[in-house]
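First up is the structure itself, then whatever we jot down about it.
The numbers here are math on the coordinates, done by the rules we state, and not lab data. All of these numbers come straight from a predicted model, not from anything done at the bench. Glycine gets a Cβ as well: all are built from the backbone with ideal geometry, and neighbour counts include every protein chain shown.
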Amino acid sequence: MAGAVATVLVILLVDPRWGGFALGGVLMIAAALRFAGYDGQLAVRSKKMDVITLTAFGFLLALTSLALYNNAFKAWLLSLLAG
């Protein structure tokens, strides 16, 4: 939770690109911790669902933040998605 708060502050105060990348990293660290068995008091979903969701959101957020100001990477990514 502290990592998420710190990276949101980085997004707001410093740089959205690197703050978003760091927030994606924090989400992937949260997925690894959940996979390792750190459940916490609010573990109401299955471990598998939490790991998949956190990993997917973290990866997509990091990928999107990298494409935010990089036109060549954005064009390459869109060409992959276009088929």
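Report, to the nearest 10°, how far helix 47-67 tilts away from the longest principal axis of the Cα atoms in the chain, using its own Cα long axis and a range of 0 to 90°. Helix 47-67 sits at roughly 20 degrees to that axis. Relative to the dominant Cα principal axis of the chain, helix 71-82 is inclined by about 70°.
Per-residue ellipticity at 222 nm from helix content only, as computed over the chain with -39500 (n - 2.57) for each DSSP H run of at least four residues, stands at -26500 deg cm²/dmol. Model label points for PHE35 and LEU80, set 7 angstrom from Cα along the Cα-to-Cβ axis, are 1.9 nm apart. Computed over the alpha carbons of the chain, Rg followed by Dmax gives 14.7, 44 Å.
Using the average count of surrounding beta-carbon atoms within 10 Å as a protection proxy, the listed peptides 19-30, 71-82, 46-57 rank, highest first, as 19-30, 46-57, 71-82. Between ARG45 and LEU12, how high is the FRET efficiency from 1/(1 + (r/R0)^6) when r is the Cβ-Cβ distance and R₀ = 25 Å? Nearest 0.05. It comes out at approximately 0.30.
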